[in-house]
Amino acid sequence: MKNLIDKVTFRHGATIDTRTAQSPMLTNSGLNAKVTQDTINYYNARSQSAGMVIVEYTSVSPNGGPSRSWAPDREQLAIYDDSFVPGFKKITEKLKKDGNKAILQLVHSGREAQYRYALGGQVEVPSNIDFPWISYPLHELSEDEVWQIVKDFGTATKRAIASGFDGIEIHGANHYLHQEFFSAYSNVRTDFWGGSLEKRMNFALEVAREVFKVAKENAPKDFIIGYRISPEEVHEDNIGYTWHEAQLLVNQLTENFEFDYVPFRQMIILRRQPILIKTMHNYSENE
């Protein structure tokens, strides 16, 4: 058994001093989506909570969130233009002061961005179909709009680097836009972005391609990149994708790009064989 205090070295050379990571947890502390003193205080208090702290899901596009708000003007964070960088610099300064790694989780909330509609924006989806639980209008993305969101993940990565983060995590779980594109239930397109299992993988693959390109051009060599996935999707009698299809996506992602880690997030108990996902570090296979 490995001890929690063992060091872990990721495939690109970054090392964390314990085998623990703090999962991203929404604080809903943003003011007009920007970092507030409450946000800074929260992460300052957690600078020693784990070897790596993943900062809560942060929107890469103006319509990429927020998914909800629990108080007036308090909402999910965003990083879709340069004005957000100063606030995130304060977060990384606090998180890294004790030598731990700071990771920023990047997301587009897709159909879950219901509070964006309340703020006067549009809620963006791969396919404008009838979701029984949704009462607000949905905007089906054009091909050009999808490519723009792909670029948004890249520019958000560049801003994360400028903010001092040691890495980013692509949020491909929790029924947000990545998962919606991969889901046969949510994605009924017939263009480059849907129509077959392989095409439903394209959004995840193109975002990864853009993120790795930006990181190679702007980040240090040991920059950490992760991809979070929900290992299956079931809507009562409708299957968005199976654990086996999710494993095929993970295989495509890790064969084409050098991810440092791939965590999984399941919102319900798995009803099928669980997916096996490895952390991409430099330990030998038998460990």
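The values are calculated or read from the model by the stated rules, or taken from the named source; none is laboratory data. Predicted model only: the values in this text are computed from it and were never measured. Note: ideal-geometry Cβ built from the backbone for every residue, glycine included; neighbour counts use all protein chains shown. Calculation scope for accessible area: heavy atoms of the full protein, side chains included, ligands and nucleic acids excluded. Shrake-Rupley method; radii C 1.70, N 1.55, O 1.52, S 1.80 Å.
Tabulated values for the structure
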{"read-out": "Residues with amide H under 5 Å from that of LYS101, placed H, sequence gap 5 or more", "value": "MET52, VAL53"}
{"read-out": "Only Lys, Arg (+1) and Asp, Glu (-1) charged, at Cβ; the chain dipole about Cα centre in debye", "value": "960"}
{"read-out": "Three-way shape label, region 1-151, alpha-carbon gyration tensor, a/c 1.5", "value": "prolate"}
{"read-out": "Added length on full extension, which subtracts the Cα-Cα distance from 0.36 nm per residue, LEU4 to GLN37", "value": "8.7 nm"}
{"read-out": "Built amide H within the under 5 Å cut-off of GLU56, gap 5+", "value": "MET25"}
{"read-out": "Under 5 Å, built H, 5+ apart or other chain: amide partners of HIS235", "value": "GLY240"}
{"read-out": "Accessible area of the chain divided out per residue, in Å², using a probe of 1.4 angstrom", "value": "46"}
{"read-out": "Whole-percent pair-distance distribution, where bins are 5 Å wide, for the alpha carbons of region 164-214", "value": "5, 21, 28, 20, 14, 7, 3, 2"}
{"read-out": "Percent of alpha-carbon pairs separated by more than 19 Å within region 69-122", "value": "44"}
{"read-out": "Net charge, THR92 excluded, C-beta distance under 14 Å - Lys, Arg +1, Asp, Glu -1", "value": "+4"}
{"read-out": "Cα-projected label distance for LYS221 with SER23, points at 7 Å along beta-carbon direction, nm", "value": "3.4"}
{"read-out": "Lysine-lysine proximity count for region 1-127, Cα under 29 Å, sequence distance 8 or more or distinct chains", "value": "19"}
{"read-out": "Coil-residue trypsin sites (Lys or Arg not before Pro) of region 1-97, DSSP, other Cβ within 10 Å capped at 10", "value": "LYS2, LYS7"}
{"read-out": "Accessible area of the chain belonging to carbon and sulfur atoms, whole % at 1.4 Å probe", "value": "48"}
{"read-out": "Linear extension gain, ASN44 paired with GLU236, 0.36 nm per residue minus alpha-carbon span", "value": "64.9 nm"}
{"read-out": "Sum of -39500 (n - 2.57) over DSSP H runs of 4+, divided by residues of the chain (222 nm, nearest 500)", "value": "-9000 deg cm²/dmol"}
{"read-out": "Radius of gyration and maximum dimension Dmax of region 129-172, Cα, Å", "value": "15.0, 42"}
